[in-house]
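**Q** First the structure, which I've put down as structure tokens, then a few questions once you've had a look.
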Amino acid sequence: MTMAIIKMQKVRAGKPYGLKAVLDYIQNSDKTEDGTLVSAKDCLLDCAYQQMNLVKQDYQQLQGRQYVHIIQSFSLSDDLTGKMAHEIGQKLLDSFNGFQGLVATHTDRQHIHNHLVLSSVNFETGLKWQQSKKDLQALKDLSDQLCRNYGLSVIEKGKGWKSYGENHANAKGGSWKRHLAEVV
């Protein structure tokens with residue numbers, strides 16, 4: 001059984017059209033119940049890319065990382081609707097002060113999930129996105145609390161996710177991480 005999780009997508013430095021491409025992807029009407037499960041924060045939905053790009057131009061921040069992409073997935077065992085998942089995603093998006101963003105809830109697969117895409121430039125300060133391990137943990141904690149508020153599953157402390165390599169035995173019978181720890 002899977003629980004609600006937060007996953008930060010790796011985003012490399014790129015051109016502004018990378019932001020446009022990801023915004024187009026997450027807003028796909030086939031995935032978002034004809035676009036009803038898409039919302040914007042601190043920008044207009046119809047021209048989010050243009051508004052985000054204007055902020056980047058104003059602060060001369062057109063180089064490097066163009067956006068932040070977060071995926072919030074929910075348990076298959078939860079009684080969850082697309083509308084409920086979207087409400088949770090909107091509340092999570094609202095927590096990013098000074099960053100324009102979109103949340104899109106995808107219901108085209110068995111597992112309902114939110115895509116949050118934020119501009120990499122804070123429109124209040126002009127500074128680029130920074131995230132520490134502490135910030136990431138705070139984001140996960142907020143997601144967990146929102147899920148609890150809606151009666152959804154969360155990962156309990158000490159029962160987190162492990163990568164395939166951590167669980168998969170190597171030829172000698174142990175995981176690669178256990179083997180590495182023993183060598184060290």
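The values are calculated or read from the model by the stated rules, or taken from the named source; none is laboratory data. Everything numeric here is computed off the predicted structure, so don't read it as measured data. Cβ placement follows ideal geometry from the backbone for every residue including glycine, while neighbour counts extend to all protein chains displayed. Quick note on the areas: whole protein, heavy atoms, side chains included, nothing else; ligands and nucleic acids left out. Shrake-Rupley method; radii C 1.70, N 1.55, O 1.52, S 1.80 Å.
**Q** Residue pairs, Cβ under 7 Å, 6 or more apart or interchain, first in the range 86-108 and closer than 19 Å to Leu19 by Cβ, second surrounded by fewer than 22 Cβ atoms within 10 Å (Cβ to Cβ) and of a type in the set (D, E, K, R). List them.
**A** Matching pairs, first to second residue: Leu93/Lys41; Gly98/Glu124; Gln100/Lys41; Gln100/Asp42; Gly101/Lys41; His106/Lys31.
**Q** Out of everything in the range 36-63 that is of a type in the set (A, V, I, L, M, F, W, C), under 20 Å from the mean Cα position of the chain (by Cα) and not in a loop (DSSP other than H, G, I, E, B), what residue ends up being surrounded by the most Cβ atoms within 10 Å (Cβ to Cβ)?
**A** Out of the qualifying residues, it is Met52.
**Q** Just a yes or no: is a residue in the range 161-173 at pLDDT 90 or above and acidic (Asp, Glu)?
**A** Scanning the range 161-173, I find no residue that is at pLDDT 90 or above and acidic (Asp, Glu), so the answer is no.
**Q** Please give the number of the condition Phe74 fails out of (1) closer than 21 Å to Asp30 by Cβ; (2) among the aromatic types (Phe, Trp, Tyr); (3) open to solvent by 30 Å² or more (accessible area, probe 1.4 Å).
**A** (3)
**Q** Hey, another quick one. So how many residues does the range 118-158 have that are part of a loop (DSSP other than H, G, I, E, B) and among the aliphatic types (A, V, I, L, M)?
**A** First, the residues of the range 118-158 that are part of a loop (DSSP other than H, G, I, E, B): 120, 122-127, 129-132, 150-153, 155-158.
The next check asks that each one be among the aliphatic types (A, V, I, L, M); those that pass are 127, 152, 155.
The qualifying residues number 3.
**Q** Tell me, please, whether a residue that is open to solvent by 20 Å² or more (accessible area, probe 1.4 Å), assigned to a strand (DSSP E or B) and within 20 Å of Leu142 (Cβ to Cβ) can be found in the range 9-18.
**A** Within the range 9-18, none of the residues are open to solvent by 20 Å² or more (accessible area, probe 1.4 Å), assigned to a strand (DSSP E or B) and within 20 Å of Leu142 (Cβ to Cβ).
**Q** Something else about it: What's the number of the only condition in (1) assigned to a helix (DSSP H, G or I); (2) touching a Gly at 6+ places or on another chain (Cβ under 7 Å) that Glu33 fails to meet?
**A** Glu33 satisfies every listed condition except (1).
**Q** Quick check on Gln72: is it outside any strand (DSSP E or B) and either over 19 Å from Gly14 (Cα atoms) or not hydroxyl-bearing (Ser, Thr, Tyr) (or both)? Break it down stepwise before answering.
**A** Numbers: outside any strand (DSSP E or B): no; either over 19 Å from Gly14 (Cα atoms) or not hydroxyl-bearing (Ser, Thr, Tyr) (or both): yes.
It is false that Gln72 is outside any strand (DSSP E or B) and either over 19 Å from Gly14 (Cα atoms) or not hydroxyl-bearing (Ser, Thr, Tyr) (or both).
**Q** Please determine whether any residue of the range 46-53 is aliphatic (A, V, I, L, M) and touching a helix residue (DSSP H, G or I) at 6+ places or on another chain (Cβ under 7 Å).
**A** Looking through the range 46-53, at least one residue is aliphatic (A, V, I, L, M) and touching a helix residue (DSSP H, G or I) at 6+ places or on another chain (Cβ under 7 Å).
**Q** If we scan the range 76-87, do we find a residue that is in contact with an Asp or Glu (Cβ under 9 Å, 6 or more places away or on another chain), under 23 Å from Val154 (Cα atoms) and of a type in the set (D, E, K, R)?
**A** Yes: the range 76-87 contains one or more residues that are in contact with an Asp or Glu (Cβ under 9 Å, 6 or more places away or on another chain), under 23 Å from Val154 (Cα atoms) and of a type in the set (D, E, K, R).
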